[in-house]
Amino acid sequence: EENRQLKWIEDAAFLLCEKLEKVQIPSSVTSIGEEVFAECISLKEVVFEENSQLKSIDCAAFAYCSIESIDLPKGLTDLEECVFYDCKKLKSIIIPISVKNVSEEVFSGCSNLTIYCEAEEKPKGWSYDWNSSNCPVVWGYKK
């Protein structure tokens, strides 16, 4: 039997879905494309199913959303540019130790955010400008 599980969410799949409030990302998804949930101005909650296979989140995937907190799944390795651009309501995010690459301006315009990183210090693969808004960072965070 053919495996029909969702593996990736295509670029701009839910762009401008202004009434979308909650999203549950299936564990089978390995990649979230560019601007997938961008400008979903009512999106407050993003839940990753247990045993998530997610590896990468592309440019501006959650830009201009109303998410207040997000716990990225273990196993995630890449955050591309401006993933959470201008998410002014975002107050906390947990970045698992598996994240090896963080591009520039991932949190640009996130004026109320505290970033909790499981890594003890900035990994080599993270852009020098990954935290361009100078959000407070807690290194070595343990749940």
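The values are calculated or read from the model by the stated rules, or taken from the named source; none is laboratory data. Worth saying up front: this structure is predicted, and the values here are computed from it rather than measured. All Cβ positions, even for glycine, are placed from backbone atoms using ideal geometry, and neighbour counts span all protein chains on display. The area values use the complete protein model at the heavy-atom level, side chains included, leaving out ligands, DNA and RNA. Shrake-Rupley method; radii C 1.70, N 1.55, O 1.52, S 1.80 Å.
For the chain, the relative contact order works out to 16 percent when only alpha carbon pairs closer than 8 Å and six or more residues apart are counted. Remark: the chain carries 54 Å² of accessible area per residue (probe radius 1.4 Å; ligands, DNA and RNA excluded).
Per-residue counts of other Cβ atoms within 10 Å, averaged by peptide: what ranking do you get for 97-104, 28-35, 5-12, highest first?
28-35, 97-104, 5-12
Just the protein heavy atoms count here, and of the accessible area of the range 1-45 at 1.4 Å, carbon and sulfur take up 46 percent. Per 5 Å bin from zero, what fraction in whole % of the C-alpha pairs of the range 15-77 is there, up to the bin with the longest pair? The percentages, shortest bin first, are 5, 20, 28, 28, 16, 4. Shown in residue order for the range 8-24 are the 3J(HN,Hα) couplings computed by the Karplus curve 6.51 cos²θ - 1.76 cosθ + 1.60 at θ = phi - 60°: 9, 10, 5, 3, 6, 4, 10, 3, 6, 7, 5, 9, 5, 10, 9, 9, 10 Hz (x for Gly and Pro). The range 114-143 and the range 1-58 have Cα centres separated by 23 Å.
Taken over the range 61-143, the convex hull of the Cα atoms encloses 75 Å³ per residue. For the chain, a Kirkwood hydrodynamic radius built from all Cα pairs, placed in the Stokes-Einstein relation at 20 °C and 1.002 mPa s, yields a translational diffusion coefficient of 143 µm²/s. Averaging over all projection directions, the Cα-based convex hull of the range 2-46 occupies 3.2 nm² in the image plane.
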